[in-house]
Amino acid sequence: MSSIVSYGSYVPRYRIRAEEIARVWGEDPENIKGGLMIYSKSVPGPDEDVLTISAEAGKNAIKRTDVSKKTIGAIFVGSESHPYAVKPTASILVEALGLPNDIHSADYEFACKAGTAAIQNVMGLVDSGMIENGMAIGADTSQGAPGDALEYSASAGGTAFIIGKKGIAEINKTYSFTTDTPDFWRREGEKYPSHGGRFTGEPAYFKHVLTGAKRMMEMQGTKPEDYDYAVFHQPNGKFPTRAAKMLGFKDEQVKDGLLTPYIGNTYSSSMIIGLSAILDKAEPGDRILAVAFGSGAGSDAFDITVNDSIKSYKRDRAPGVMEQINRPIWIDYANYVKYRGKIIMRGE
Amino acid sequence: MSEVPRFWRESKHRYRLVGTRCENCGNLYFPPRDICPTCRRESINKMKEEELSGEGEVYSYTVVHDGLEQFKMQVPYIIAIIKTKEGPLITGQIVDCNPDDVKIGSQVKSTLRKVRTEGKSGIIQYGYKFILK
Ligand SMILES: [Zn+2]
């Protein structure tokens with residue numbers, strides 16, 4: 001099976017606190033902080049979008065490896081907020097990252113698991129021998145409607161992986177589970193998504209994440225205690241914490257990958273930015289269970305083992321996830337709506 | 001008039017800071033030049049593309065309070081001349097900071113950002129800007 005050759009993430013520096021959003025909508029911030037486990041979220045700057053975020057994440061992944069860009073034969077970008085409706089993000093990234101023009105490329109969509117769908121597709125091309133290395137990116141600048149519960153969590157960030165034959169972590173197996181579940185959707189041309197309220201929990205998130213994790217452990221003959229780390233899709237802090245407990249994982253196994261409480265739900269990057277934070281500190285032999293969830297709905301599970309090459313891997317050539325999380329620029333709700341284009345300007 | 005053709009021709013240097021080096025005298029140029037202004041005829045077919053690291057320091061800067069309509073969302077914003085590690089001076093915006101954070105000599109690195117958009121339906125122009133290190 002293929003392995004992770006390199007990885008990199010990018011988190012915009014602007015942040016807004018749950019208290020600040022609650023203040024505007026007259027809500028009790030303790031309900032959000034205590035109930036959903038969201039304290040703050042990242043906000044893209046007025047000049048940032050999925051292309052710029054993907055480019056920064058991709059550059060960080062390229063910087064950390066000595067593998068030549070010329071060997072990258074595919075680039076797939078998963079997002080639900082691609083800058084263009086028609087004009088692939090992947091095509092702009094080929095030039096922005098200086099990748100060869102002899103390259104397979106496409107944009108993917110599957111709510112919050114489009115990034116992991118991209119990883120699986122690169123794995124297929126690597127394992128079949130069609131390409132030597134490939135890049136998979138998950139990035140989003142998601143929006144929640146003003147006043148909607150999603151406004152506390154919908155945030156921005158991106159993570160890029162270079163997948164190839166010889167890397168720093170083996171992907172032992174991947175498994176996907178898909179059903180037709182209308183928990184969350186956005187119709188073409190609509191600015192904000194709609195969701196099924198409480199319906200997003202049991203039949204959507206928990207059913208798919210738990211099935212993905214359980215089937216993976218059945219197939220691999222593993223138990224929760226066999227893993228050093230576990231990371232799940234995190235629409236808020238509460239859901240993945242509960243899913244981990246239901247599966248039998250302990251806090252020590254999940255805390256390093258649980259980032260939504262501080263940066264919000266980065267959608268297509270949500271689980272993989274947690275995986276990126278885990279890889280920032282992982283050591284040879286560490287085993288990781290990673291499960292992404294996308295509304296609609298489906299899950300992508302990965303069983304990963306870090307190998308000895310991580311010792312000589314140049315992690316410090318690019319900023320780690322925690323390093324980026326710890327450099328916030330706090331903004332108020334007024335600047336937040338300005339940056340997110342929620343103010344109607346003259347001529348609009 | 002659409003700027004699409006011009007922008008497309010310049011995308012490589014706008015996205016990745018690709019300049020040209022004269023193999024005759026060794027000078028590096030950004031934006032890229034087809035001919036070396038020093039060597040002129042001698043530089044024909046000797047201009048080689050080279051990507052700048054994006055690292056440098058603030059050589060000079062100004063804070064714009066009364067910007068074009070396009071940049072209203074970003075006012076006040078900082079326009080600086082950056083002395084790159086490789087030598088060429090580049091004019092660009094410094095983002096993700098307050099004007100007070102910028103000083104002559106501040107270390108910066110390049111980042112790819114949206115530079116402008118052609119209205120609601122036109123092309124999105126991306127290009128380099130700078131952030132404090
Ligand atoms: Zn010359």
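The values are calculated or read from the model by the stated rules, or taken from the named source; none is laboratory data. Since this is a predicted model, take the numbers as computed values, not measurements. Note that we place each Cβ from the backbone using ideal geometry, even for glycine, and neighbour counts take in every protein chain shown. Please note that ligands, DNA and RNA were not included when accessible areas were found on the heavy atoms of the full protein model with its side chains. Shrake-Rupley method; radii C 1.70, N 1.55, O 1.52, S 1.80 Å.
Overview of values
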read-out: Residue among A:F161, A:F199 that is touching a residue at least 40 places away in the same chain (Cβ under 8 Å) and not hydroxyl-bearing (S, T, Y); value: A:F161
read-out: Some residue of the range B:59-68 being within 14 Å of chain A (Cβ to nearest Cβ), without any contact (Cβ under 8 Å) to a residue 40 or more places away in the chain and away from the ligand (no atom under 16 Å from the Cβ); value: yes
read-out: Qualifying positions in the range A:8-26 - open to solvent by 10 Å² or more (accessible area, probe 1.4 Å), under 30 Å from A:G58 (Cα atoms) and more than 12 Å from chain B (Cβ to nearest Cβ); value: A:R17
read-out: Filter pass, A:R346 being within 14 Å of another protein chain (Cβ to nearest Cβ), exposed (fewer than 13 other Cβ atoms within 10 Å of the Cβ), out of contact with any strand residue (DSSP E or B) (no Cβ under 9 Å at 6 or more places or on another chain) and touching a residue at least 60 places away in the same chain (Cβ under 8 Å); value: no
read-out: Selection status of A:A74, in the same structural domain as A:G158 (by TED's automatic domain parsing) and at pLDDT 95 or above; value: yes
read-out: Residue count for the range B:69-97, restricted to those that are closer than 12 Å to B:K129 by Cα and more than 14 Å from chain A (Cβ to nearest Cβ); value: 5
read-out: Count of residues meeting criterion [without any contact (Cβ under 8 Å) to a residue 60 or more places away in the chain, open to solvent by 30 Å² or more (accessible area, probe 1.4 Å), under 30 Å from A:I62 (Cα atoms) and of a type in the set (V, I, T)] in the range B:1-52; value: 0
read-out: Failed criterion for A:S309 (all others in (1) more than 12 Å from chain B (Cβ to nearest Cβ); (2) in a loop (DSSP other than H, G, I, E, B) hold); value: (2)
read-out: Criterion (open to solvent by 20 Å² or more (accessible area, probe 1.4 Å) and either modelled with pLDDT under 95 or touching a helix residue (DSSP H, G or I) at 6+ places or on another chain (Cβ under 9 Å) (or both)) met by exactly one of A:G274, A:G221, A:G248, A:G264; value: A:G248
read-out: Those residues of the range A:67-110 which are among the hydrophobic types (A, V, I, L, M, F, W, C), open to solvent by 20 Å² or more (accessible area, probe 1.4 Å) and away from every other protein chain (no Cβ under 14 Å), in sequence order; value: A:V67, A:I103, A:A106, A:F110
read-out: Filtered residues of the range B:1-57 (kept if in a helix (DSSP H, G or I), within 10 Å of the ligand (Cβ to nearest atom) and among the hydroxyl-bearing types (S, T, Y)); value: B:S43
read-out: Any chance B:T117 is at the interface with chain A (Cβ under 10 Å from one of its Cβ atoms) and surrounded by fewer than 18 Cβ atoms within 10 Å (Cβ to Cβ); value: yes
